[in-house]
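Written below as structure tokens is the structure these notes are about.
All of the numbers you see were taken from the coordinates with simple rules; none came from a lab. These figures come from a predicted structure and were not determined experimentally. Cβ placement follows ideal geometry from the backbone for every residue including glycine, while neighbour counts extend to all protein chains displayed.
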Amino acid sequence: GVFSMEGDIVNLPEMMELAKEFNCATMVDDAHSIGVLGENGRGTTEHFALEEEVDIVMGTFSKSFASIGGFIVGDEAIIHFVKHFSRPLIFSASPPPASVATCLASLDIIEKEPERRARLWEITRYMHQEFKSLGFDIGSTQTPIIPIVIGDDMKTFQFWKELRQNGLFTNPIVSPAVSPGGALIRTSYTAIHTDEQLERVLEVFKKVGTKYGLI
């Protein structure tokens, strides 16, 4: 649904048209979409109003659910097949009760506190705008995952190190996680980031970006 490094959203309507044309089943990996996309946080399929069209949706409990494990959703026949033929499932244990409780509590928050999602998108729009105005290349991101494209692997690691020395936690991403020559600093945002924290992020990026000639 959402590409984990660059933050762009799959063109699901186009994919569905191709699936129909060639009689293919469709499966959406919504690991980075659940809780974020869609009016109710139901993910990519809700975002595009295609919940009844996609055959399989899978996701993780390690992102917006703040836990461990994952899920797969589909018709009864599909789930029956997975239960009996998926080796990872057959040889896995049940999740710990505490992890299940965390998932349920997170689901309650996603469903009952839409103001958190609204705040997240407010932050997202602001950071997109501010990074662009500073002159950074943020690629084609459409989500709270905002990459700062640098290109060179070594410069990316040096940039990341200076960000960390200035108190910012980010992720340096190089090939094969991205295409060769497309190394980037991955930043991501939550609904509880404060305005002061966001301004600090921009201040540090401006300082380090100027030093390395990115802006």
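Any idea what the relative contact order of the stretch 114-211 is, in percent, if you count C-alpha pairs under 8 Å spaced at least 6 apart?
30
Based on other C-beta atoms within 10 Å, arrange Glu76, Glu17 from fewest to most.
Ordered by Cβ neighbours within 10 Å, fewest first: Glu76, Glu17.
Could you tell me which of the pairs Lys63/Lys211; Lys20/Lys132; Lys112/Lys132; Lys63/Lys206; Lys63/Lys161 are separated by over 31 angstrom between their Cα atoms in the structure shown?
Lys63/Lys211; Lys20/Lys132; Lys112/Lys132
When Arg87, Arg117 are ordered from fewest to most other Cβ atoms inside 10 Å of their Cβ, what list results?
Arg87, Arg117
List the longest stretch of the chain that has no exposed loop site; here a site is one of the chymotrypsin sites (Phe, Trp or Tyr not before Pro) assigned by DSSP to anything other than H, G, I, E or B, with at most 16 other Cβ within 10 Å.
Counting only loop sites that pass the neighbour cut-off, the longest clear stretch is 92-168.
In the set (1) 25, 24, 15; (2) 30, 20, 16; (3) 33, 20, 18, which value of semi-axes √(5λ) of the Cα gyration tensor in Å was calculated from the structure you see?
So the structure-derived entry is (3).
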